[in-house]
Amino acid sequence: MSGPEPSATQPAGPPPGPPPAVPPSAPSAAAPPRAASPLDSLVASMGMAQLLVVGGSALLVLIDLVFGLILREYSLAYVIWGAAALILLAYFAGRSGRAMPFRYESVLIGLGLVVAVVGAREIAGSLLSILRSAGAWDAPELLAFAGYVVGIVAVGWGTWQLWRGQR
């Protein structure tokens with residue numbers, strides 16, 4: 001005999017390979033792709049600076065409508081509200097392709113500066129009022145104030161970015 005005989009404890013051949021890969025099964029009912037909404041295409045067409053200016057302006061207008069007109073809790077200066085509304089009008093007029101005698105980015109920068117400067121003054125005045133009143137502000141007033149701060153900072157930062165030439 002030339003070699004040892006295979007026993008019951010030793011396999012007769014090479015070890016078996018890994019099991020064959022099973023392809024993943026396709027989903028039985030795939031959901032159809034969602035159509036892009038107008039808001040998705042609007043946001044996708046804006047750069048970050050424009051999004052900050054337009055979004056911050058929309059926030060300022062919305063918060064002023066809710067807290068200033070409906071709840072009558074806290075309201076911004078009319079100059080800020082008007083400039084924010086004009087920013088929205090200028091942006092949508094510029095997007096619609098209407099002929100304007102100037103670039104709408106210039107309007108966004110000019111009105112954004114108005115919002116930022118007057119807004120900084122309003123924020124400082126409101127902070128002093130909060131500190132002097134020692135907690136006399138209620139929750140809706142503080143919520144409106146926080147929303148205004150976010151909106152004014154967003155418009156101011158976006159205006160700075162637009163002025164620097166970023167879209």
How many of the residues in region 122-143 are modelled with pLDDT of 85 or more and surrounded by 13 or more Cβ atoms within 10 Å (Cβ to Cβ)?
-> 4
Being open to solvent by less than 70 Å² (accessible area, probe 1.4 Å) and at pLDDT 90 or above, is that true of even one residue in region 101-110?
-> yes
Are there any pairs with C-beta distances below 6 angstrom linking a residue in region 103-124 that is under 17 Å from residue 52 (Cα atoms) to a residue that is open to solvent by 40 Å² or more (accessible area, probe 1.4 Å), with the two at least 6 apart or on different chains, and if so which?
-> 109/163; 111/86
When residue 159 is evaluated against the numbered criteria (1) modelled with pLDDT of 90 or more; (2) open to solvent by 30 Å² or more (accessible area, probe 1.4 Å), which criterion, by number, is the only one it fails?
-> (2)
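The values are calculated or read from the model by the stated rules, or taken from the named source; none is laboratory data. Just so it is clear, the structure is predicted and the values come from calculations on it, not from any experiment. Note that we place each Cβ from the backbone using ideal geometry, even for glycine, and neighbour counts take in every protein chain shown. We work out accessible area using only protein heavy atoms, side chains counted, and drop any ligands, DNA or RNA first. Shrake-Rupley method; radii C 1.70, N 1.55, O 1.52, S 1.80 Å.
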